[in-house]
Amino acid sequence: MKEWLTLGLSLLGLLPCASVSGQFTLLNPTQTGVTFTNKLTETEEQNVLAYEYFYNGGGVAVGDLNNDGLPDLYFTGNMTPDRLYLNQGQLKFNDISSVAGIGKGNGWKTGVTLVDINRDGWLDIYVCYSGSGDASNRRNRLYINQHVQKDGSVKFREEAGLYGLDANTHTTQALFFDYDKDGDLDCFLLNHNIKDFKRFDAALVKAMRDEFAGDRLYRNDTGADGKPHFTDVSVEAGIKGNPIGFGLGVAVADLNQDGWPDLYVSNDYIEQDYLYINDGKGHFTDQLDQAVGHLSYFSMGNAIADINNDGWPDILTLDMLPEDNRRQKLLYGPENYEVYQNMLRNGFYHQLMRNMLQLNTGAGMKGPATTPVFSEIGQLAGVSNTDWSWCPLVADFDNDGWKDLYITNGYLRDYTNMDFMKFYADQQLKAARGNPMAMMDILKQMPSTQTRNYIFRNDGQLHFENKGMEWGFDQTHLSNGAIYADLDNDGDLDIVTNNINTPASIYRNDHSKTNYLQVQLGKTSLMLATGAKVWVYTQGKLQYQEFNPTRGFQSGMYTPLHFGLGKSTQVDSLRIVWPNDQTQILRGIRANQKIIVEPQGNKQTGPLIPVEQPFFVAEQQDTIPYRHTEDVYNDFKRQTLIPTMLSYQGPHVAQADVNGDGLTDLYVPGAKGQGGQLLLQTLQGSWRATTQPAFEADKMAEDTDALFFDADGDGDQDLYVASGGFAYLTNDLLLQDRLYLNDGKGNFTRSAEALPADRFSDACVVALDVDKDGDLDLFVGGRVRPGRYPEATSSRILRNDGKGNFTDATETWAPFLKDCGLVCDAAVLDIDHDGWLDLVLVGEWMPVTFLKNKQGKEFTASVQEHTKGWWNRVEVADLDQDGDQDLVLGNFGTNSQMKPSEQEPVSIIYSDFDQNEALDPFLLYYIQGKPYPMVSRDEALNQVFALRRKFTTYQAYAESDFSQLFTPEQMKGADTLQATQFKSGILEHTPTGFVWRDLPVEAQFAPIYAITLVDADGDGLKDLILAGNQSHTRLKIGKMDANYGMLFRNKGQCHFEYVPQSKSGFVIKGDVRDIIQLRKGSETVLLFGRNDDTIQIYHPIKK
Amino acid sequence: MKQLLMGLWVTMSTAQSQSLQSPAQLYSQAEKHLTDVMINDVIGPCAAARYYAYANLAAYEVMLHQKHPAGYVPLTGLLPNYPIKTYTTNDQVDTPLATVYALLRMGEEMLPSGYMLEEPRNQFIQEASTRLSPEVVQLSRAYADTLVKKLVRYAAQDGYVKTSGYLRYTPDTKAGSWQPTPPAYGEAYEPYWATVRPFFLDSATQFRPARPVPYSEEKGSAFYRLSKEVYDSTRAMSREQNHFSNFWDCNPFALTQKGHISFGTKKISPSGHWIGITSLACVQKNLSLEETVRWHAW
């Protein structure tokens, strides 16, 4: 009996003592011995009002401090003593804090990192200090490893002063790296301010240097005594140090793969992040606004890693956007366009409050110090909303070869709560009458929001699946600094987080065994591997990592590089480029081991990534003397609730040989206030602007489409210009389309009587001979009723009498076009091969609609099922060479918060709810399974005053869904439009109808507004070029700019393959609205028409 | 009748609270309730003026119908499209009850957070019920309600509700044009106020104010002088001046920001101040209810 009991008890002892579910197990602190808690005690002197960053939390570092092969842990406590734990094996740790010689001095501790500063093969510890109070209390500490003592513990001696690294700035973190590649480690100190600036002269402040708040770069030079000496070279190195820099995250990586380490600095608040490109000559240049289209607003922790295994480092920055509707609505005030414009004017660039995943396109790399270009796809990837986030850990947690993502989050007092802001604080203040203690009581009233940390699995398709619950992360903590490391040497990565007011979390990775390889760069830390690059190739797949210990948020990892290998049992080849450019290649490495590599090989310079010749190259100068120039108009001032502005359409460029000289000429359109122009091509290949009084006379109309065709049958190309836009009255005279007749020599005069009266804001015009009477009739698509979005408007069919006089034949031929919707584009094709030309229409909130021509007598309409979308463009081509016309369709894309489906559509409900003769449209989309209005409480209440009674608090609005906004009667009188599909894609024409074919995920990066087909690779199949972007949206949607012009190769059968930007050669920035192919001499060039900008030209490169 | 009223007043006052409440105090207390709601809703000066105007108009009309006191002017014929055509007296109605009740009820109907006045209104009725018969209370309430309904509809037609649908003001970029300022960069305040129907004027165009001083950066210009005056004054403001400025400050919501924390100090805007001042004056002079209502309405 006793034996059974003993056996039973010992078996119990083996069972894990914490929650078990999924892949990770949260270990019990009493079992591990790691009981460290970052306890925060708020007092009169020490609180979030006295010190801004009171709730930011501490950091954690992992590395082998006693050289026994096991990674040890160091935790910083903000106001409690730091703790140092030696790893004993089997996930047991020994607290040696009291004997280690750490924890010198008082003060507020923040970040920690590990570095072998004196190159003796033993890791030293650098601890950062911040906080308010005396400057002497925040000198950073550098604990030099005194090696293993006789009792087995490790001792340290504090020597920051000796090295010149005892800065008393408000430090968040320190990063050691060799920026000048002279063989020793330099130091970047990430600092922040403790005073906030709200009213200041931006230009003045940005040029200042703040002694305690500015970031610093210290260059390491070995002195005559052989010891390292650090000199502050911030100014000459180009490192900014102004007082509005609130640096919370810093990462180093070779972003442009030119052999020199670059830096990314995340700044909280208004100051933008810095993307420092190292020029290899000791100087950094901030290229942020050239590299990214927008960035996180309150940037906190960040990470640089190659998340899509293409060899190019990508950047992830964390912000504060919650996932659920309730917390989002409690957080958002009204959109303030003026604040945003002010931010731009003062050089703060485009900042939006959400996590940003900047995917490195690898584009435009032309040599050293080139600016890398990124596409921001955080929403498409599903990682944009993780609440108030701190530390991203990018690593392969399930060993499948793709880097996953863990994010810590949490904030002790939720003072971003709008209700608190507007209603409670003042009451309390008044009652308290200036008693300082009362402020503390007020603060204690704010809810403490403990949210779950996030873990995502990378599915290899630029998308991350939320695995929080499945993988065992259902606890709610306030977590800040974090690290990953294989703590128990079992081949998978465990996670450790530093928590506020609860013990640190250690998650043991229980992943079922899959293959891995760990690469330790050097026997000991002596090897100076910081900045080394490793490429791992398995079965044709690539993984890339750089060794840079300081990562994430206030944390550091001095551990071997970990590569998951999925099903592969060996690594085919492994390339290492050491910081001194020594390159070595290892082959045939068996999986499931840790290899220790020492530097060998010759130094190699030259490109790290082979440069391929791209398909296209940009024209060096803008040779077309034209710039589409928009009028300044803010649609949201007119209709405050609409999703996107509609006054920034165009340009659509038209081409034809207008003067019969054999050269193609161009009509380049004008926005409101700008006359369209006719540009004649010259024999030299340049352009000659012509004077066209007729165009100039109509400059107040906004040209949304243009078409050259022979209207009057006299053999030359006449011009139809569609007038549209939003900056007009609902029935404005300036919405009249125009027909200009060519005199044969390229002089155009308006044919005043040729068109029927038209007060429609149009978007497109196409020509087709409907009745086969030998002349070209027209279809004109109506886009919107200015000021009455999203009310349906009418499209028209105009019948040509053969002499260029058009009558409205809609009643006869297609009466259903009256109030048919919001049409954006149309194309002509013979769907049923009956010899009579048909039409396909696409539009906003509309399904793809076919108009079949019944023998020239009338059209019948039918729709393609399941295609209600926000379609912008359609192009017709025989993609699969089977003799029929397929369709390429440009839609809104999936890189936004809205992901409609049949079950969870995006919809808009509109009516004059408050009877004030203005339409009140409410856009709804699904968040976590329920539909909610997009607009914040303030925006809704500003539009419909009566709602103020219903939602007197933000909480009330946050907890309601749309059904509570209006009464059943009000809803009965309202109209609804839906969209179930935002993906751009292909409709393949088959004998049984049209079948949907997906395009690669890259096509969904941004709204597509321009399509063209060209055989780029010369294989006889038409390849696809898509472009678009939209910068005039609601601030909540934010600037959409991830598309730089994309090439997709036709692989046959309507399958297309994305061609990386480095290979296509495209780097087109801005809102592209048209791509046309223009014959110039012997080649066909591509013209990219951009809204409010010049035309960019690309030439094909001859192979 | 008057003696009866005064008697009633005395009874009411003694029955009501610890301190003796004069008619002016009673009415002022009701006004304060309205003011509190407006502070809560962060109502700006123009909108506040409108709410006060219509609410006090209702009380004024009750008093006019019932008592025809000296100094009261019938508004029929003076106000265009005015819904009150004739003036009849209802002897059963308790005038003070109906007057104060009308004031509160108007506020309840019109203000965004008008529901906050439900409690004070009920309290008021409760106290009145301790000294008046249920029938009188019922009748007085119904009387006031009918009047209030008419006036609420009248108010709704003044065009204010439409202003939320007009083109929002976009700040111009030219030098000298108004720009939003930090920290809140608030929207232009009620730029369409000129379209709201005035009471006695035909339209806002009837009295044209002088043009604003033309913008100029030249040292000797009037604009420069005025700007300099503001600049110099603010640099050397006394504590008392500070208090005065804050008292008269139009902004009903002063945003204070400290890092991520933002909290708002709310206070009443100038129109509320004038009501407050009027109330103080009436109480100090111990005016009758008739007089108190008259002064507040005008």
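The values are calculated or read from the model by the stated rules, or taken from the named source; none is laboratory data. Note that the structure is a prediction, hence the values are computed from the model and not measured. Here the Cβ positions follow ideal geometry from the backbone for every residue, glycine too, while neighbour counts run over all protein chains shown. Heavy atoms of the whole protein, side chains included, go into the accessibility calculation; ligands, DNA and RNA do not. Shrake-Rupley method; radii C 1.70, N 1.55, O 1.52, S 1.80 Å.
A few points about this structure:
- Hits in the range A:537-548 - residues which are farther than 15 Å from A:Val394 by Cβ, open to solvent by 10 Å² or more (accessible area, probe 1.4 Å) and either among the acidic types (Asp, Glu) or touching a residue at least 60 places away in the same chain (Cβ under 8 Å) (or both): A:Lys541, A:Leu542
Here's the yes/no breakdown for (1) among the charged types (D, E, K, R); (2) assigned to a strand (DSSP E or B); (3) surrounded by 20 or more Cβ atoms within 10 Å (Cβ to Cβ):
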site	(1), (2), (3)
A:Gly1038	no, no, yes
A:Ala1042	no, no, yes
A:Leu1047	no, yes, yes
A:Phe1066	no, no, yes
A:Lys1069	yes, no, no
A:Ile1075	no, yes, yes
A:Gly1089	no, yes, yes
A:His1099	no, yes, no
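Matching residues to (1) assigned to a strand (DSSP E or B); (2) over 24 Å from A:Ile1011 (Cα atoms); (3) open to solvent by less than 20 Å² (accessible area, probe 1.4 Å); (4) assigned by TED's automatic domain parsing to the domain that holds A:Thr990:
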| site | (1), (2), (3), (4) |
| --- | --- |
| A:Val780 | yes, no, yes, yes |
| A:Leu798 | yes, yes, yes, yes |
| A:Gly804 | no, yes, yes, yes |
| A:Cys824 | yes, no, yes, yes |
| A:Asp834 | no, yes, no, yes |
| A:Val842 | yes, no, yes, yes |
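- Pairs where the first residue, in the range B:163-179, is facing chain A (nearest Cβ under 7 Å) and surrounded by 11 or more Cβ atoms within 10 Å (Cβ to Cβ) and the second is part of a loop (DSSP other than H, G, I, E, B) and polar (S, T, N, Q), C-beta under 6 Å, 6+ apart: B:Gly165/A:Asn916; B:Thr170/A:Asn634; B:Pro171/B:Gln179
- Among (1) closer than 22 Å to A:Ala203 by Cβ; (2) in contact with a Ser or Thr (Cβ under 7 Å, 6 or more places away or on another chain), the one test that A:Gly249 misses: (1)
- Elements of type helices (runs of 4 or more DSSP H) in the range A:250-358, at least 2 residues being over 15 Å from the mean Cα position of the chain (by Cα): A:325-331, A:337-345
- Looking only at the range B:46-99, and only at residues there that are in contact with a Ser or Thr (Cβ under 7 Å, 6 or more places away or on another chain) and in a loop (DSSP other than H, G, I, E, B), the one that is modelled with the lowest pLDDT: B:Lys85
- With a requirement of 3 or more residues that are away from every other protein chain (no Cβ under 14 Å) and at pLDDT below 90, the helices (runs of 4 or more DSSP H) lying completely within the range A:904-1020 that satisfy it span A:968-972.
- Enumerated strands (runs of 3 or more DSSP E) restricted to the range A:685-726, each holding at least 1 residues that are surrounded by fewer than 23 Cβ atoms within 10 Å (Cβ to Cβ), at pLDDT 95 or above and of a type outside the set (Ser, Thr, Tyr): A:702-709
- If only residues of the range B:31-83 that are open to solvent by less than 30 Å² (accessible area, probe 1.4 Å) and more than 27 Å from B:Ser113 (Cα to Cα) are counted, the one that is farthest from the other protein chains (Cβ to nearest Cβ) is B:Pro69.
- Selected residue [assigned to a helix (DSSP H, G or I), under 44 Å from the mean Cα position of the chain (by Cα) and within 25 Å of A:Asp737 (Cα to Cα)] from A:Phe816, A:Phe859, A:Phe850: A:Phe816
- Of A:Asp825, A:Asp880, A:Asp884, all but one fail to be of a type outside the set (Gly, Ala, Ser) and either at positive phi or modelled with pLDDT of 95 or more (or both); the exception is A:Asp825.
- Residue match in the range A:613-630 (condition: more than 23 Å from A:Gln1096 (Cα to Cα) and modelled with pLDDT under 90): no
- If you filter the range B:153-162 down to residues that are in a helix (DSSP H, G or I) and surrounded by fewer than 17 Cβ atoms within 10 Å (Cβ to Cβ), you find that the one that is farthest from the other protein chains (Cβ to nearest Cβ) is B:Arg153.
- Pairs, first within 12 Å of chain A (Cβ to nearest Cβ) and touching a residue at least 40 places away in the same chain (Cβ under 8 Å) in the range B:106-134, second outside any loop (DSSP other than H, G, I, E, B) and among the hydroxyl-bearing types (Ser, Thr, Tyr), C-beta under 8 Å, six or more apart: B:Met110/B:Tyr51; B:Met110/B:Tyr54; B:Leu111/B:Tyr51
- Residue count, the range A:484-510 (criterion: touching an Asp or Glu at 6+ places or on another chain (Cβ under 9 Å) and either assigned to a loop (DSSP other than H, G, I, E, B) or open to solvent by less than 10 Å² (accessible area, probe 1.4 Å) (or both)): 11
- Restricting the range A:549-608 to residues that are β-branched (Val, Ile, Thr) and within 25 Å of A:Asn256 (Cβ to Cβ), the residue that is surrounded by the most Cβ atoms within 10 Å (Cβ to Cβ): A:Thr550
- Which numbered condition A:Val784 misses (of (1) touching a Ser or Thr at 6+ places or on another chain (Cβ under 7 Å); (2) open to solvent by 10 Å² or more (accessible area, probe 1.4 Å)): (2)
- Qualifying residue in the range A:643-650 (condition: away from chain B (no Cβ under 14 Å), surrounded by 20 or more Cβ atoms within 10 Å (Cβ to Cβ) and in contact with a helix residue (DSSP H, G or I) (Cβ under 7 Å, 6 or more places away or on another chain)): yes
- Qualifying residues in the range B:97-138 (those that are among the small types (Gly, Ala, Ser) and open to solvent by 40 Å² or more (accessible area, probe 1.4 Å)) - the one farthest from the chain's Cα centre (by Cα): B:Ser133
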